[in-house]
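First the structure, in the form of structure tokens, and then the observations on it.
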Amino acid sequence: MKCIIIDDEPLAREGIALNLEDIDFIEVIGEFSNPIKANSFLQSNDVDLIFLDIHMPGLNGLDFLRGLNNPPLTILTTAHSEYALQGFELNVVDYLVKPIRMERFIKAVNKAKKLFEMRSGIEKDEPTTEDYPSGKDFVYIKSDRKYVRLLLKEIIMVEGMKDYVMVYTSGDKFTVAMNLKTFNSNLPNDCFVRVSKSNIINVKHIIEISNNHVKLPGHKISIGRSFRDNFLDKHIREKLIERK
């Protein structure tokens, strides 16, 4: 992946460049102190990823991003946490607050890599938007005072705990202040199904079903008696290959 760094602070640009030195799948091809200079570079060079500061002289980073046609993947780097929602509304990959912790930096670049591979068609065997007939392939959740963008295909299951739910993905989990019924109403029912009073699962991640349990990556969930028939009829029996 080819990336550029846009930040008016030289030390901030240097810090990001140093963080990227040992990351072999990202190559820094340009550093800019303001978005105007970066814009000219973008017109004549292929860029896959931008590390973008928000507060800069002349042009705000968010306004710069809004003005780009088909912008590259973008990771915002800023000392101001209050612009997170605006950033995620612009579909940024991640929002890193300075001083940036290395573990958060690594998480952000890994996420960018995965999105880049999806855009490039490398992960052709992974579920795509076409696997979600509802047409919605991601949601935003508010967890730990942050707005997190989750691809629906990454959600394995949701567990209800009174007035909270725990959302599990392949590599993380998020606590959301919302009851399970409300959370379920915001998910497409063509791929997500409630299998008990406490659990919603993504049928794309089912490994096997046996003895009133459904096995998912890292989880084994009991199927509630009152939910069993709907679950089996809608998501299993119509896809079952059996002897006639």
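For the reader, a short list of remarks on this structure follows.
- T169, T78, T175, reordered so the largest accessible area comes first (probe 1.4 Å): T175, T169, T78
- Kyte-Doolittle mean at least -1.0 and Cα axial length at least 24 Å: DSSP H helices in the chain: 102-120
- D229-I207 pseudo-label distance in nm [points 7 Å out on the Cα-to-Cβ vector]: 3.1 nm
- Once all protein chains are placed together, I36 keeps about 110 Å² accessible to a 1.4 angstrom probe.
- Projected label distance in nm at L115 and Y147, using a 7 Å step from Cα toward the beta-carbon: 1.4 nm
- The chain - percent of accessible surface contributed by carbon and sulfur, probe 1.4 Å: 48 percent
- For the chain, the longest site-free run once GluC sites (Glu not before Pro) in DSSP loop states with at most 10 other Cβ atoms within 10 Å are removed: 22-241
- Computed over protein heavy atoms with a 1.4 Å probe, the accessible surface of the chain works out to 58 Å² per residue.
- Estimated from the Cβ-Cβ distance and a Förster radius of 41 angstrom, the FRET efficiency linking D22 and I241 is about 0.30.
- Compared with the direct C-alpha span, the chain from I29 to N45 gains 4.8 nm at full extension, assuming 0.36 nm per residue.
- When each of K114/K197; K107/K197; K173/K197; K2/K215; K114/K220 is checked by Cα-Cα distance, pairs over 30 Å: K114/K197; K107/K197; K2/K215
- Look at the alpha carbon pairs under 8 Å that are at least 6 residues apart: their mean separation over the length of the chain gives a relative contact order of 10 percent.
- Counting only DSSP beta bridges with both residues in the chain, the antiparallel share comes to about 65 percent.
- Full extension of the chain segment joining Y140 with R66 gains 24.7 nm, where the gain is 0.36 nm per residue of separation less the Cα-Cα distance.
- For R149, the accessible area of its heavy atoms, probed at 1.4 Å with every protein chain present, is near 40 square angstrom.
- Cα shape, the chain, gyration tensor, a/c 1.5 rule: prolate
The values are calculated or read from the model by the stated rules, or taken from the named source; none is laboratory data. Nothing here was measured: the structure is a model prediction, and the numbers come from that model. Using ideal geometry, Cβ is built from the backbone for each residue, glycine included, and neighbour counts are taken over all protein chains shown. SASA here: full protein model, heavy atoms, side chains in, ligands and nucleic acids out. Shrake-Rupley method; radii C 1.70, N 1.55, O 1.52, S 1.80 Å.
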